[in-house]
1. So is Glu269 buried (at least 21 other Cβ atoms within 10 Å of the Cβ) and out of contact with any Cys (no Cβ under 7 Å at 6 or more places or on another chain) or not?
2. In the list Val192, Val203, which residue meets the criterion of being at pLDDT below 95 and among the β-branched types (Val, Ile, Thr)?
3. Could you identify the single residue in Ala91, Ala67 that is modelled with pLDDT of 95 or more, surrounded by fewer than 20 Cβ atoms within 10 Å (Cβ to Cβ) and in the same structural domain as Val192 (by TED's automatic domain parsing)?
4. Find all pairs meeting these conditions: Cβ atoms under 6 angstrom apart; at least six residues apart or on different chains; first residue within the stretch 34-60 and among the β-branched types (Val, Ile, Thr); second residue at pLDDT 95 or above and part of a loop (DSSP other than H, G, I, E, B).
5. Of these, Glu377, Glu388, Glu340, which one is in a loop (DSSP other than H, G, I, E, B) and either among the acidic types (Asp, Glu) or not assigned by TED's automatic domain parsing to the domain that holds Asn275 (or both)?
6. How about the stretch 216-270: which of its residues are part of a loop (DSSP other than H, G, I, E, B) and hydrophobic (A, V, I, L, M, F, W, C)?
7. Which of the residues spanning the stretch 281-302 are surrounded by 19 or more Cβ atoms within 10 Å (Cβ to Cβ) and either free of Cβ contacts under 8 Å to residues at least 24 places away in the same chain or part of a helix (DSSP H, G or I) (or both)?
8. Let me spell it out: the conditions are (1) closer than 21 Å to Met130 by Cα; (2) in contact with a Cys (Cβ under 6 Å, 6 or more places away or on another chain); (3) not aliphatic (A, V, I, L, M), and Thr110 meets all of them except one. Which number is the exception?
Amino acid sequence: MATTTAKKYDGLTGNSAIAYAMKQINPDVCPVYPITPSTTIVEEFSYYVADGKVTSELITTESEHSAMSACIGASAAGARVMTATSAQGLALMWEMLYIASGMRLPIIATDVNRALSAPINIHCDHSDTMGARDSGWIQLYSETVQEAYDNLFQAVRIAEHSDVLLPAMVCMDGFITSHAIENISLIDDAGVKEFVGDYKPHVSLLDVDHPTTMGAMSLQDTYITFKYQQSEAMKRAKNVAIEVGKEFGKKFGRSYGLFDSYMVEDAEEVIVILNSAAGTTKVAVDELRKNGKKVGVLRPRLFRPFPHEELADALKNAKSVAVLDRADSMNGFGGPVFNELRSALYDLEKRPKVMSRIYGLGGRDYMVKDALAVFDELFKVSASGRVETLSKYITI
């Protein structure tokens, strides 16, 4: 039975919800450098710090690279650490992202998805976090304000789990989710404290009774061993995410799995899509279902690690699948989610035809009519058994 610790709270934006969740978690250290559209996360959290509502040490740095560097130092010293960023900010952290994961530090970052320059654009696409997908960070994607809020608590539990010990980022769409007002169900402070728990670092540079070394030179004889251990930890993060999602559901009445499946069970045509655009696609699914079309939408929630077996099982009965990416791999062969999903389906004895569609870059609107047009393409693929155009841009 769900714990009765939730209450209704009207009018929270995604950024406000994340800032409030951070207040409830009360991390030890928050190194920050604000950037649009994640700025108000830092602004609102700084109010909680100034008003004494948290005991967090807020460190204002001179750049995002410095912010992640400070995150690494604080986490290595044994602190629970959080930050937030977007786009060029995440890109400027690039070098340090690999160091954070390679040193097995469970730092939590919220990334408010925004297009990477050039040209300069402050609106949503997923090029920032997709660019960081192989940096060794767990990635959770959020369709709604409610899910972003809930994901932050779960990210802490997943990252800090003794079987994992890897950094994690919670992703939500810039302006679409970060600045949209949504009625969400908040968890009371006691419920958050019980769920997240006190942080007990695996190692700490300040623990002089148990000295440790971090970031030392590792050459041919040892480096691959470290990477192997890191890779195995990422694999284990999948089952940890499943268990944490189930526990969250038991306590608070909102369960989370590896992905959200909407009318996929009997679907012949399926769109796979991340974050807020899944909601738009569900409207198209509802319209087509009224006309007797067996269609569905699958929204991956956990992208790193990539749950390839579970996704393949969910899509094994579909005739055709369109993967809609809000980022381009610039490989001439489709978007990042498409490439990974198509590989996941490869070993199925009877696999669906799969095509890639790049949409919504730089915040370009993705509407119900766009989803319907993709489904029309899928109907033709299902009928002919052939994909005429493997990858192309839409919404242009």
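The values are calculated or read from the model by the stated rules, or taken from the named source; none is laboratory data. Quick caveat, the model's predicted, so the values are computed rather than measured. Here Cβ is always computed from backbone atoms with ideal geometry, including for glycine, and neighbour counts include all displayed protein chains.
1. Details: buried (at least 21 other Cβ atoms within 10 Å of the Cβ): yes; out of contact with any Cys (no Cβ under 7 Å at 6 or more places or on another chain): yes.
It is true that Glu269 is buried (at least 21 other Cβ atoms within 10 Å of the Cβ) and out of contact with any Cys (no Cβ under 7 Å at 6 or more places or on another chain).
2. Working: Val192 fails: at pLDDT below 95.
Among Val192, Val203, only Val203 is at pLDDT below 95 and among the β-branched types (Val, Ile, Thr).
3. Details: Ala67 fails: surrounded by fewer than 20 Cβ atoms within 10 Å (Cβ to Cβ).
Only one candidate passes the filter, namely Ala91.
4. Ile35/Ser86; Thr36/Ile122; Val42/Pro34; Val49/Ser56; Val54/Asn26
5. Only one candidate passes the filter, namely Glu388.
6. Within the stretch 216-270, the subset part of a loop (DSSP other than H, G, I, E, B) is 216-222, 253-258, 263-268.
Passing the criteria: Ala216, Met217, Leu219, Leu258, Met263, Val264, Ala267.
7. Of everything in the stretch 281-302, those that are surrounded by 19 or more Cβ atoms within 10 Å (Cβ to Cβ) and either free of Cβ contacts under 8 Å to residues at least 24 places away in the same chain or part of a helix (DSSP H, G or I) (or both) turn out to be Thr281, Lys282, Ala284, Val285, Leu288.
8. Evaluating Thr110 over (1) closer than 21 Å to Met130 by Cα; (2) in contact with a Cys (Cβ under 6 Å, 6 or more places away or on another chain); (3) not aliphatic (A, V, I, L, M) leaves (2) as the failure.
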